[in-house]
Amino acid sequence: MSGAAADRFFQPVSGFDLPRFAGIPTFMRLPHVGFDHPRIGEVQIGLIGAPWDGGTTNRPGPRHGPRQLRDLSTMIRAVNGATWVAPFDLARCADLGDVAPNPGDLMDSLARMEAFYARVRAAGILPLTGGGDHLCTLPILRALGRGRALGMIQFDSHSDLNDVYFGTSRYNHGTPFRRAVEEGLLDPKRYVIIGIRGTAYGREDWEFAASVGIRIIPIAEFHARGAGDVMQEAREIVGLGETYVTYDIDFVDPTFAPGTGTPEVGGPSSWQALQVARGLRGLNVVGADLVEVSPPFDASGGTAWLGVSLMFEMLCVMAERLGASPQTPGVVVPR
Ligand code: MN
Ligand code: MN
């Protein structure tokens, strides 16, 4: 039993101690450990809510995502039934609470989020974020990628590499990764986008990607090759360097994930959505997020449930790598 498992404080509340529908819903029933908590220095992976959708260009609502994700996350149990990874035994995980945006000021919101994640990075905590719209990922990358251009795997039905909207808007959820590449936060040659589909404004984002070396795997190629083959290529592109994972729930087909602002048909199933997340095992993931869940369009809660299920898969990948050593039985870290 590792140190994380031996310390009950960092274990989630069991469904056998308190029914899953009862109690205050933190992410995955973990302890809430804010920056002023005496045990913040022990946290290795911080689950964080980013309740902000100031970058949304179409149907809004992801500002309500973290509450809904936390609620549905109470159904997550402690052991991954597919990989048998037990993340809460491998790493000390906690709910760090929400980053506080300024709902009336986009630029101030970006600054507030960057400052929050800079504190997370300085504390040596790996962040796993529930959004929020996809612009939330830009201030996270500004904090995590400063001074070290990160690799990135992006699951999304849109590239989010557009330059400008309405002639003036350089910061919205269609532009974050154009800015991140421009600002040197991402290494475009270690950056792969998987799942692109739907109608487009044009080919300008594709042309930008090609000009800087970003690999785009469109949905037709994904369906033709399958999740395993595509993830093998993605793993080779990012290698074992520091890598961020950003997961837009609209990667998944709207049959499975209707509760999002900009759905695109013809996408992966919920099973394929899990497969690609498991395909991250062994990578050097320094942070991850799940964005664009919009509760007002998620009548059944099923989109949020898929979202937190994917957060759990990414948490397993992060915890497994933190907890892995040659002495850890049952953990196989792919090279
Ligand atoms: Mn996106
Ligand atoms: Mn998208």
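Exactly one of (1) assigned to a helix (DSSP H, G or I); (2) at pLDDT below 95 is unmet by residue 63. Its number?
Condition (2) is where residue 63 drops out.
Within the range 233-251, does at least one residue satisfy the condition of being closer than 16 Å to residue 193 by Cα, more than 16 Å from ligand 2 (Cβ to nearest atom), basic (Lys, Arg) and at pLDDT 95 or above?
Yes: the range 233-251 contains one or more residues that are closer than 16 Å to residue 193 by Cα, more than 16 Å from ligand 2 (Cβ to nearest atom), basic (Lys, Arg) and at pLDDT 95 or above.
Go through (1) more than 18 Å from the chain's Cα centre (by Cα); (2) within 16 Å of ligand 2 (Cβ to nearest atom) one by one and return the number of the condition residue 105 breaks.
Just one mismatch for residue 105, condition (2).
Counting just the residues of the range 233-251 that are part of a helix (DSSP H, G or I) and either open to solvent by 10 Å² or more (accessible area, probe 1.4 Å) or within 16 Å of ligand 1 (Cβ to nearest atom) (or both), which one comes out nearest to residue 151 (Cα to Cα)?
Looking at the filtered set, the residue picked out is 237.
Of all residues in the range 132-178, which are over 21 Å from residue 310 (Cα atoms), crowded, with 20+ Cβ neighbours inside 10 Å and within 16 Å of ligand 2 (Cβ to nearest atom)?
161, 162, 172, 174, 175, 176, 177, 178
Which of the residues that make up the range 252-297 are among the polar types (S, T, N, Q), outside any helix (DSSP H, G or I) and more than 16 Å from ligand 1 (Cβ to nearest atom)? Walk me through how you get there before you give the answer.
Going residue by residue through the range 252-297, those that are among the polar types (S, T, N, Q) are 255, 260, 262, 269-270, 272, 275, 284, 294.
Among the residues that remain, those that are also outside any helix (DSSP H, G or I) are: 255, 260, 262, 269, 284, 294.
Hits for the range 252-297 are 255, 269, 284.
Report every pair of residues separated by at least 6 positions or lying on different chains whose Cβ atoms are under 7 Å apart, first residue within the range 251-271 and among the hydroxyl-bearing types (Ser, Thr, Tyr), second in a loop (DSSP other than H, G, I, E, B) and surrounded by 20 or more Cβ atoms within 10 Å (Cβ to Cβ).
Filtered contacts from the range 251-271: 260/292; 260/293; 260/294; 262/158; 269/253; 270/252.
Per-residue answers, yes or no, for (1) under 22 Å from the mean Cα position of the chain (by Cα); (2) part of a helix (DSSP H, G or I):
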| residue | (1), (2) |
| --- | --- |
| 192 | yes, no |
| 195 | yes, no |
| 199 | no, no |
| 209 | yes, yes |
| 217 | yes, no |
| 223 | no, yes |
| 231 | yes, yes |
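Given the residues 82, 111, which is the only one that is farther than 19 Å from residue 33 by Cα and either assigned to a loop (DSSP other than H, G, I, E, B) or without any contact (Cβ under 8 Å) to a residue 24 or more places away in the chain (or both)? Talk me through it step by step, then tell me what you get.
On the way: 111 fails: either assigned to a loop (DSSP other than H, G, I, E, B) or without any contact (Cβ under 8 Å) to a residue 24 or more places away in the chain (or both).
Matching residue, one of 82, 111: 82.
I'd like to know if the range 32-53 contains one or more residues that are within 26 Å of residue 175 (Cα to Cα), touching a helix residue (DSSP H, G or I) at 6+ places or on another chain (Cβ under 8 Å), in a loop (DSSP other than H, G, I, E, B) and open to solvent by 60 Å² or more (accessible area, probe 1.4 Å).
no
The values are calculated or read from the model by the stated rules, or taken from the named source; none is laboratory data. Note that the structure is a prediction, hence the values are computed from the model and not measured. Note that we place each Cβ from the backbone using ideal geometry, even for glycine, and neighbour counts take in every protein chain shown. Surface areas here come from the heavy atoms of the whole protein model, side chains and all, with no ligands, DNA or RNA. Shrake-Rupley method; radii C 1.70, N 1.55, O 1.52, S 1.80 Å.
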